[in-house]
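To start, the structure itself, in structure tokens.
The values are calculated or read from the model by the stated rules, or taken from the named source; none is laboratory data. Since we're looking at a predicted model, the values are computed, not measured. Here the Cβ positions follow ideal geometry from the backbone for every residue, glycine too, while neighbour counts run over all protein chains shown.
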Amino acid sequence: MEKGDRIAHRNAFGRALVDIADKYPKMVVFDADVCASTQTVGFKKAHPERFYEMGIAEANMVGAAAGMALCGFTPWVSTFTVFLAKRALDQVRVSVAHANLPVKLNAAYGGLPTGRAGATHSSVEDLAIMRAMPNMTVLCPADAVETIAMTDLAMSIDGPVYLRTVRCEVPVIFDRDWVPTIGRAAKLSDGDDVAICSEGMMTPVALAAVEKLAARGIRARLLHYGTIKPFDVDAVVAASRECGAVLTIENHSVIGGLGGAVCEALADHAPCLVKRLGFPDVFMESGDDDQIFSNFGLDPDGVVRHVEDLLSRKRLRN
Amino acid sequence: MSLPLLGVPELEAKAKAVRRLVLETTHHARMGHTGGSLSEADILTALFFRVMQNRDLANRRVDRDRFILSKGHSTPGYYATLALRGHFPIEALQTFDSLGSILQGHPDMHKTPGVDMSSGSLGQGLSCGIGIQLAAAADPEMAGVRTFVLMGDGESQEGQVWEAALYGGARKVRGIVAIVDMNGVQLASTTAEAVSLEPIVDKWKAFGWTVIDVDGHDMGPLVEALERARTLSADGPVAVVARTVKGKGVSFMEGRHEWHGKAPNDAEFELAMKEIG
């Protein structure tokens, strides 16, 4: 895969499972009747004896995975984000997070893009939930390259991991050999006019916005938060002190996700002007993903517009 | 080192000791789930002192039988059994529920020696037990391992129990034994008044489990039933419906939902200890 290729996270995740299967012989995969959607089907075909089809019963799936994890196996539990983070939330909380077992949660179909499935299937609040969950590591890869790298890295984390991926195609932004550091934000562009913090599939959007801003003479620092938890406080505190204004952008509600984490860190250490871009406190509806993202300002032009607004407020302050 | 094989009279004496420790524990803590701890005492005694295999104290063997207290609130009975079995000193029971104790309100595998899996939110244990048996099927070092999951009848109102029952039966999961402590009483009322589980035997049979219906307080038949369940589970899932009495052994607690989550006061404690003998 090359920069600019459009690849869905789920395809990258499915490929990664097959690629690392021999490296981790005690890795197993659970799915709840959506293996063709989450793309665990490739692993199912390659290693049928290590694949567990649990039927449409997510609570039991999470518990069974916890049981296997008790015995030295490392299970991936794969289904749509809404079901993993909400329907099976109590099982994730008690049987996985409190027990602190190395169960890896593949939260496929994160955020808005679900193939126009609408409110019930679009997950706008899962990052807020998982970020507040003790023992949980929360990962939001930007592109296919990072999804593959994080699938492998998740296996080495001693405890539960929530890997949030998206259904739609996303342009590849990282070099093929990119290896993220868990717990550190990646600085993808430097600048001190404004800082942009992005997560997951919003990072390619932010990257395009940074180029547009540069053309207007605005030097934006882009921090990609591929790890939402543990949260890299230092990176955003430095950004606040050096840029004086921070815009956050996420494929999630503006409540409790990346924007929430940024505001918590800045309130504690370095308050500054902040604009949070994401979904307001509403459920999604069916429709074209790009159109809905644009309506909420979650596209390069929206980012540019909000950055300019933020900068005018910053000038008024100074 | 394996346990000496205890006979029924010795097991009955152990169960009495568990009941006395339950009362001492909740009386001292001034809280705790007394009723369900007394109903499960004979089942726990039979499992931990006779039926379960390879549970060495010094060495958590990979091929040991596993136990999950899915009705996780009934810790006084569980901790009393583990203490008597030698996993930690009996004096530790005096710290139950207090800050910093190894004995939490609900079982914590990271804090309490002898606990295989944390639990507490009802309905989750059977799924975890099935997962352990999926591991046993995939790992030759776990050959012969059994997992016993103790559930409440009230707990069985949770949907996840039946997701697990469905999966266990459909896939003929081997080595899993679900034990239902059918004490007929839950927090706020009798189970019949809340949402009845009957006909419970028919339900488990319909889900594809071999069912053994037994008196959960008659030690001889109880041990026989659990040992038979252990053997039969080699071929597929087994459910043991243990007919019990909530608060068993203390007349003023028996069958009364008021004793679900309550500790005896000084006078009640004296009386209860006399009745247990």
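Some points to look at:
- Pair list, Cβ under 7 Å, 6 or more apart: the range A:151-172 residue under 10 Å from residue A:105 (Cα atoms), other residue assigned to a strand (DSSP E or B) and among the basic types (Lys, Arg): A:154/A:104; A:161/A:104; A:163/A:104
- Some residue of the range B:60-69 being at pLDDT 95 or above and assigned to a helix (DSSP H, G or I): no
- Restricting A:67, A:55, A:72 to residues that are within 24 Å of residue B:175 (Cβ to Cβ), buried (at least 23 other Cβ atoms within 10 Å of the Cβ) and not polar (S, T, N, Q) narrows the list to A:67.
- In the range B:193-208, the residues that are touching a residue at least 40 places away in the same chain (Cβ under 8 Å) form Cβ pairs under 6 Å with partners that are in a loop (DSSP other than H, G, I, E, B) and surrounded by 12 or more Cβ atoms within 10 Å (Cβ to Cβ), at six or more places apart or across chains, as follows: B:194/B:186; B:197/B:153.
- Inside the range B:46-95, residues that are surrounded by 19 or more Cβ atoms within 10 Å (Cβ to Cβ), of a type outside the set (A, V, I, L, M) and touching a residue at least 60 places away in the same chain (Cβ under 8 Å) make up a count of 9.
- Filter result (within 18 Å of the chain's Cα centre (by Cα), in a helix (DSSP H, G or I) and not aliphatic (A, V, I, L, M)) within the range A:83-116: A:83, A:86
- Remark: pairs (first residue in the range A:10-29, closer than 26 Å to residue A:171 by Cα; second residue hydrophobic (A, V, I, L, M, F, W, C); Cβ separation under 6 Å; 6+ apart in sequence or on different chains) = A:10/A:108; A:12/A:144; A:12/A:148; A:16/A:148; A:17/A:43; A:18/A:43; A:18/A:46.
- One residue stands out among those in the range B:123-137 that are more than 7 Å from every other protein chain (Cβ to nearest Cβ) and aliphatic (A, V, I, L, M): the one that is surrounded by the most Cβ atoms within 10 Å (Cβ to Cβ), which is B:126.
- Each residue in the range B:138-155 was checked for being crowded, with 23+ Cβ neighbours inside 10 Å, touching a strand residue (DSSP E or B) at 6+ places or on another chain (Cβ under 8 Å) and within 14 Å of another protein chain (Cβ to nearest Cβ), and 6 pass.
- Residue B:108 being within 16 Å of the chain's Cα centre (by Cα), of a type in the set (Asp, Glu) and over 21 Å from residue B:180 (Cβ atoms): yes
- Selection from the range A:46-82 of residues that are more than 8 Å from chain B (Cβ to nearest Cβ), more than 20 Å from residue B:162 (Cβ to Cβ) and assigned to a helix (DSSP H, G or I): A:46, A:48, A:81, A:82
- So residue A:181, is it among the hydroxyl-bearing types (Ser, Thr, Tyr) and surrounded by fewer than 22 Cβ atoms within 10 Å (Cβ to Cβ): yes
- Filter result for residue A:119 (away from chain B (no Cβ under 14 Å), within 20 Å of the chain's Cα centre (by Cα), part of a loop (DSSP other than H, G, I, E, B) and not aromatic (Phe, Trp, Tyr)): yes
- Residue within the range A:37-45 that is more than 14 Å from chain B (Cβ to nearest Cβ), surrounded by fewer than 22 Cβ atoms within 10 Å (Cβ to Cβ) and closer than 19 Å to residue B:137 by Cα present: yes
- Selection count where residues are free of Cβ contacts under 8 Å to residues at least 24 places away in the same chain and over 11 Å from residue B:183 (Cβ atoms), scope the range B:239-264: 2
- Scanning the range B:108-115 turns up one or more residues that are farther than 27 Å from residue B:245 by Cβ, part of a loop (DSSP other than H, G, I, E, B), in contact with a His (Cβ under 7 Å, 6 or more places away or on another chain) and more than 10 Å from chain A (Cβ to nearest Cβ).
- Cross-chain or 6+ apart pairs with Cβ under 6 Å, the range B:209-237 first and under 14 Å from residue B:50 (Cα atoms), then at pLDDT below 95: none
- Taking the range B:95-129 as the range and being more than 15 Å from residue A:97 (Cβ to Cβ) and in contact with a strand residue (DSSP E or B) (Cβ under 7 Å, 6 or more places away or on another chain) as the test, the residues that pass are B:107, B:116, B:125, B:126, B:129.
- Each residue in the range B:70-100 was checked for being hydrophobic (A, V, I, L, M, F, W, C), part of a loop (DSSP other than H, G, I, E, B) and touching an Asp or Glu at 6+ places or on another chain (Cβ under 9 Å), and 0 of them qualify.
- Residues of the range A:126-173 classified as part of a loop (DSSP other than H, G, I, E, B) and surrounded by 24 or more Cβ atoms within 10 Å (Cβ to Cβ), total: 8
- No other residue among A:285, A:250 is outside any helix (DSSP H, G or I), crowded, with 21+ Cβ neighbours inside 10 Å and out of contact with any Phe, Trp or Tyr (no Cβ under 6 Å at 6 or more places or on another chain) apart from A:250.
- A count restricted to the range A:83-103 and to residues that are away from every other protein chain (no Cβ under 14 Å) and either crowded, with 24+ Cβ neighbours inside 10 Å or at positive phi (or both) stands at 2.
- The lone exception for residue A:181 - which of (1) more than 14 Å from chain B (Cβ to nearest Cβ); (2) within 16 Å of residue A:78 (Cβ to Cβ); (3) polar (S, T, N, Q) it fails: (2)
- Checking each residue in the range B:89-105 for being closer than 18 Å to residue B:57 by Cβ and more than 18 Å from the chain's Cα centre (by Cα) picks out B:89, B:90, B:91, B:92, B:102.
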